[in-house]
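Heads up, the thing below is written out as structure tokens.
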Amino acid sequence: MQEFSGTRRMRLDKWLKVSRLIKRRTVAGALCDDGRVLLNGRVAKAHSEVKPDDRLSLVFGGKTLAVTVLRVPDGPVQAAQAAFLYRNDKGDDLDLGPH
């Protein structure tokens, strides 16, 4: 079972990949470089650190996904656990699949 820490921090691009919101870390970095990721209301860089209770907004085309970071894992997580890393704050804007 994966351990979670309430005080751990992780790079934004890595957290987006581990949480499975973005499939690849390079794509997460590109999204950040394009200014389409907000961290607590500010444009975020890929190297920005996320921690529990941070709010993220990701713009995909004309749709926005808003999530709150609930947990930061100590490493990779199984697919079934990834959905427990965040809470979807705007459930009707973007389909997250089987979460």
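The values are calculated or read from the model by the stated rules, or taken from the named source; none is laboratory data. Nothing here was measured: the structure is a model prediction, and the numbers come from that model. In this analysis, Cβ positions are derived from the backbone assuming ideal geometry, glycine residues included, and neighbour counts consider all displayed protein chains.
One table, with the values for the structure above:
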| item | result |
| --- | --- |
| Residue among 5, 48 that alone is of a type in the set (S, T, N, Q) and modelled with pLDDT under 95 | 5 |
| Residue tally, condition of a type outside the set (S, T, N, Q) and part of a strand (DSSP E or B), over the stretch 29-59 | 11 |
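Yes/no matrix, rows are residues, columns are (1) surrounded by 13 or more Cβ atoms within 10 Å (Cβ to Cβ); (2) out of contact with any Asp or Glu (no Cβ under 9 Å at 6 or more places or on another chain); (3) more than 16 Å from residue 88 (Cα to Cα):
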position: 11; (1), (2), (3): yes, no, yes
position: 21; (1), (2), (3): yes, yes, no
position: 26; (1), (2), (3): no, no, yes
position: 29; (1), (2), (3): yes, no, yes
position: 34; (1), (2), (3): no, yes, yes
position: 49; (1), (2), (3): yes, yes, yes
position: 57; (1), (2), (3): yes, no, no
position: 63; (1), (2), (3): no, no, no
